[in-house]
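The values are calculated or read from the model by the stated rules, or taken from the named source; none is laboratory data. Since we're looking at a predicted model, the values are computed, not measured. Here Cβ is always computed from backbone atoms with ideal geometry, including for glycine, and neighbour counts include all displayed protein chains. SASA here: full protein model, heavy atoms, side chains in, ligands and nucleic acids out. Shrake-Rupley method; radii C 1.70, N 1.55, O 1.52, S 1.80 Å.
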Amino acid sequence: LILPTFRKYFHTVHHAQAGGPIAYPLLTHNANMWALDPERKKALVAALIEQDRRYCSDSAESFFDYFVGTPNREVAEANEADGSAEAEESKRESAAGRRGGIYYFPHVAVDEKLEFCSGGRGRAVLHEGFSGIEPVGTWAQRDVVVIRFSLSESGHYSLLLGVTPLALPDKIVPQRVYAFVNGALVKRTTIETRSILIIDLPGATAEFEVTLVLPDLRSPADLIPGYQDERSLSLLLSQMEVHRRTASSPA
Amino acid sequence: MKWLKNLLRSGSRTPAPSSCVAKASSVPLNSDVYYHGIYWNDYEAIVKYINSRVSGDPATPWYVHFKRLVRGHVFRKALIINCGNGWVERLLFDAGLFSEGLGIDISQELLIRAAADAAGRPLRYEKRDINIADFVEDGFDLVINHAAAHHVQFIDRVFRKIALALPEDGYFLNYDYVGPHRNQYSARNWTELLRVNRSLPADAQAHLDLPDLTTMSHLIRLRRSIPN
């Protein structure tokens with residue numbers, strides 16, 4: 001919001017991008033890099049600068065900017081008198097407050113396949129209650145887990161989640177699933193084998209908080225004597241897609 | 001599973017987070033979160049890279065570029081928003097950018113440090129919450145935002161007040177973080193970050209993860225709102 005708001009109330013005299021989309025997150029708070037010997041550090045920082053320069057050029061993104069302006073008093077006075085900007089801002093902050101400080105959810109493209117395994121791009125939507133990413137997927141490891149994402153526009157969509165219940169060498173633990181979307185219960189089912197869990201999304205919004213209530217999570221260590229994994233687990237999520245729903249789509 | 005039965009009985013609604021009390025603004029409880037850790041601009045090569053991008057010269061930082069931009073004009077009175085420990089206004093005053101300055105910040109602790117370190121410079125300090133402050137003083141012809149606005153909650157209000165506080169020929173000078181809000185990186189950026197990080201030797205890689213959501217107070221409230 002900083003730059004749009006600056007342009008709203010000021011005439012831009014100068015604006016330059018300082019960069020940072022790659023180098024800033026990889027160097028800031030990176031004690032590993034900081035501890036290297038000076039020659040290695042110098043070479044690696046130089047390489048990161050080149051990556052940063054390339055990414056900035058390709059994406060036109062920057063994390064830090066230098067910008068100078070003179071006031072657009074006409075616009076500032078009009079907005080001060082009108083009060084609508086103040087009201088809109090208060091509304092935005094109240095909404096973010098109600099959503100726990102979250103201003104927007106990660107964007108997902110329709111038909112985009114997001115994988116939750118190592119190297120997959122799905123981690124961003126897994127908001128709460130999940131394990132770290134593992135080679136074959138990500139575990140729901142609490143009895144309430146939350147997925148959050150947004151689409152470009154509202155419409156009739158279904159969320160498809162690839163799920164597998166907790167399965168041990170000689171035992172499958174069926175998992176009851178209560179799926180809520182934006183607070184409303186939309187599905188009750190039991191997952192007994194590797195499945196696609198289909199959840200219809202409400203059509204009036206493009207932002208979704210999907211809460212899965214999973215009352216049957218168990219610890220492998222409790223089920224098999226000597227088993228090392230003491231985590232409480234229920235479903236392994238392998239992938240996610242959002243499809244446009246048609247009349248013939250399964251409910 | 002009493003809580004689940006209650007959940008299903010109560011109109012099929014998920015438990016809502018405890019009601020959020022509207023506050024004038026959100027501010028940190030203390031100043032311990034600032035001026036710690038390793039930042040990208042602790043590397044000399046990065047400083048030169050930044051300078052090159054903002055001024056075209058690796059030896060010319062943003063504020064020196066600005067001084068040239070205004071042809072050496074010395075501003076009469078500067079307002080420094082969220083000034084912290086005051087290093088920015090000391091640097092810019094010493095560079096001859098303005099004659100006197102007022103620094104405002106929410107942290108009394110940092111303001112005391114800034115006033116002590118001013119060491120005879122014409123720099124004054126006042127405790128203000130920028131989100132709700134009106135600029136009661138007039139006469140500012142320069143407002144300086146160095147890495148402050150991305151901490152501001154009511155950005156429209158604050159920038160509007162700054163525009164109203166400045167004369168037509170006054171300047172608003174900014175160097176700030178304008179990246180993703182609260183580390184909510186784009187998929188493209190995050191994917192590229194993971195790729196580049198993996199390409200580094202193992203002993204140089206950054207620990208990349210999404211923000212530690214479990215430490216965020218709203219989630220603690222949410223968890224408590226779900227009955228056992």
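With B:Ile132, B:Ile144 as the choices, which residue is among the β-branched types (Val, Ile, Thr), open to solvent by 30 Å² or more (accessible area, probe 1.4 Å) and more than 7 Å from chain A (Cβ to nearest Cβ)? Steps first, please.
Numbers: B:Ile144 fails: open to solvent by 30 Å² or more (accessible area, probe 1.4 Å).
That would be B:Ile132, the only listed residue that is among the β-branched types (Val, Ile, Thr), open to solvent by 30 Å² or more (accessible area, probe 1.4 Å) and more than 7 Å from chain A (Cβ to nearest Cβ).
Among the conditions (1) open to solvent by less than 40 Å² (accessible area, probe 1.4 Å); (2) closer than 30 Å to B:Ile162 by Cα, the only one that A:Leu36 does not satisfy is (2). Residues of segment B:102-139 that are without any contact (Cβ under 8 Å) to a residue 40 or more places away in the chain and assigned to a strand (DSSP E or B): B:Leu102, B:Gly103, B:Ile104, B:Asp105, B:Leu123, B:Arg124, B:Glu126, B:Lys127. If only residues of segment A:176-195 that are hydrophobic (A, V, I, L, M, F, W, C) and closer than 16 Å to A:Leu236 by Cα are counted, the one that is farthest from the other protein chains (Cβ to nearest Cβ) is A:Ile191.
Determine which member of the set A:Pro4, A:Pro25 is in a helix (DSSP H, G or I), closer than 30 Å to B:Asp203 by Cβ and within 32 Å of the chain's Cα centre (by Cα).
Details: A:Pro4 fails: closer than 30 Å to B:Asp203 by Cβ.
When all the criteria are applied, what remains is A:Pro25.
For segment A:52-101, the tally of residues that are aliphatic (A, V, I, L, M) and either more than 8 Å from chain B (Cβ to nearest Cβ) or open to solvent by 60 Å² or more (accessible area, probe 1.4 Å) (or both) stands at 6. Filtering segment B:39-66 to residues that are open to solvent by 50 Å² or more (accessible area, probe 1.4 Å) and either assigned to a loop (DSSP other than H, G, I, E, B) or away from every other protein chain (no Cβ under 11 Å) (or both) leaves B:Tyr39, B:Gly56, B:Asp57, B:Pro58, B:Ala59. Per the conditions (1) more than 7 Å from chain A (Cβ to nearest Cβ); (2) crowded, with 16+ Cβ neighbours inside 10 Å, the sole criterion not satisfied by B:Gln153 is (1).
Do you know which residues across segment B:67-93 are out of contact with any strand residue (DSSP E or B) (no Cβ under 8 Å at 6 or more places or on another chain), farther than 30 Å from B:Ile132 by Cα and not in a loop (DSSP other than H, G, I, E, B)? Steps first, answer last, please.
Taking segment B:67-93 as the starting set, the residues that turn out to be out of contact with any strand residue (DSSP E or B) (no Cβ under 8 Å at 6 or more places or on another chain) are B:67-68, B:71-73, B:85, B:87, B:91.
Cutting the leftovers down to farther than 30 Å from B:Ile132 by Cα gives us B:67-68, B:71-73.
Selection gives B:Lys67, B:Arg68.
Any idea which of (1) out of contact with any Ser or Thr (no Cβ under 7 Å at 6 or more places or on another chain); (2) at the interface with another protein chain (Cβ under 7 Å from one of its Cβ atoms); (3) in contact (Cβ under 8 Å) with a residue 40 or more places away in the chain is the one A:Asn32 doesn't satisfy? Every listed condition holds for A:Asn32 apart from (3).
Does A:Phe180 satisfy the condition of being crowded, with 17+ Cβ neighbours inside 10 Å and under 30 Å from B:Ser199 (Cβ atoms)?
Numbers: crowded, with 17+ Cβ neighbours inside 10 Å: yes; under 30 Å from B:Ser199 (Cβ atoms): no.
So A:Phe180 fails the test.
Among the residues of segment A:82-113, the ones that are modelled with pLDDT of 80 or more, within 11 Å of the chain's Cα centre (by Cα) and of a type in the set (A, V, I, L, M) come to 1 in all. Would a scan of segment A:104-120 turn up a residue that is open to solvent by less than 60 Å² (accessible area, probe 1.4 Å), farther than 30 Å from A:Glu209 by Cβ and not hydroxyl-bearing (Ser, Thr, Tyr)? Scanning segment A:104-120, I find no residue that is open to solvent by less than 60 Å² (accessible area, probe 1.4 Å), farther than 30 Å from A:Glu209 by Cβ and not hydroxyl-bearing (Ser, Thr, Tyr), so the answer is no.
All conditions but one from (1) within 13 Å of another protein chain (Cβ to nearest Cβ); (2) surrounded by fewer than 17 Cβ atoms within 10 Å (Cβ to Cβ); (3) acidic (Asp, Glu) apply to A:Asp143; the one that does not is (2).
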